[in-house]
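Below is one structure; the comments refer to it alone.
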Amino acid sequence: MRKSKEQKQLEALARKRELFDEKSVWYRRFQEGGDFYNDNCAKYGLAYAQQRKNEVSASFARYLVEAQLDYHGNPTQPVTKKVDWDGIKKTPNNAAIHSYLAELENE
């Protein structure tokens, strides 16, 4: 059976999230005190090490946004807009929706 576009997107997101441990270790190695940072300071100087640290930080931030994760690896919830059902004008076409919602509230 063929997969829907949404299923493919969810699977891709899951694969990105599985890479968090690897990406976070890579990110920390370029931060101050990390072995890559110390090597860059020794070989190329402090200015280069700071520049490389900033580049890696920006790359890691892009990864977190794409994977929909926070800095600690927890999934972020997308902000969704709540529908104001009371503000929607009742018409014959959507009257069934309003009556169904009223029944749910009364239960």
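Candidates are the residues of region 64-79 that are surrounded by fewer than 11 Cβ atoms within 10 Å (Cβ to Cβ) and among the hydrophobic types (A, V, I, L, M, F, W, C); the one that is farthest from LEU10 (Cα to Cα) is VAL79. The condition (being in contact with a Cys (Cβ under 7 Å, 6 or more places away or on another chain), at pLDDT 90 or above, surrounded by 10 or more Cβ atoms within 10 Å (Cβ to Cβ) and not β-branched (Val, Ile, Thr)) is satisfied by just one residue among ALA49, ALA61: ALA49. Being hydroxyl-bearing (Ser, Thr, Tyr) and part of a helix (DSSP H, G or I) is the filter here; which residues of region 1-25 pass it? Correct list: SER24 only.
Only a single item in (1) outside any helix (DSSP H, G or I); (2) modelled with pLDDT under 90 is not met by GLU32, and it is number (2). Take the residues of region 35-73 that are among the acidic types (Asp, Glu) and assigned to a helix (DSSP H, G or I): which is farthest from VAL25 (Cα to Cα)? Step by step, filter region 35-73, then rank; the result is GLU66. When region 1-46 is filtered for residues that are surrounded by 10 or more Cβ atoms within 10 Å (Cβ to Cβ), over 22 Å from VAL65 (Cβ atoms) and of a type in the set (Lys, Arg), only LYS3 remains.
Quick one: is GLU66 touching a residue at least 40 places away in the same chain (Cβ under 8 Å) and under 25 Å from the mean Cα position of the chain (by Cα)? Before you say what the answer is, go through the steps one by one.
Numbers: touching a residue at least 40 places away in the same chain (Cβ under 8 Å): yes; under 25 Å from the mean Cα position of the chain (by Cα): yes.
The answer is yes for GLU66.
The values are calculated or read from the model by the stated rules, or taken from the named source; none is laboratory data. All values derive from a computational prediction rather than experimental measurement. All Cβ positions, glycine included, derive from the backbone under ideal geometry; neighbour counts span all protein chains shown.
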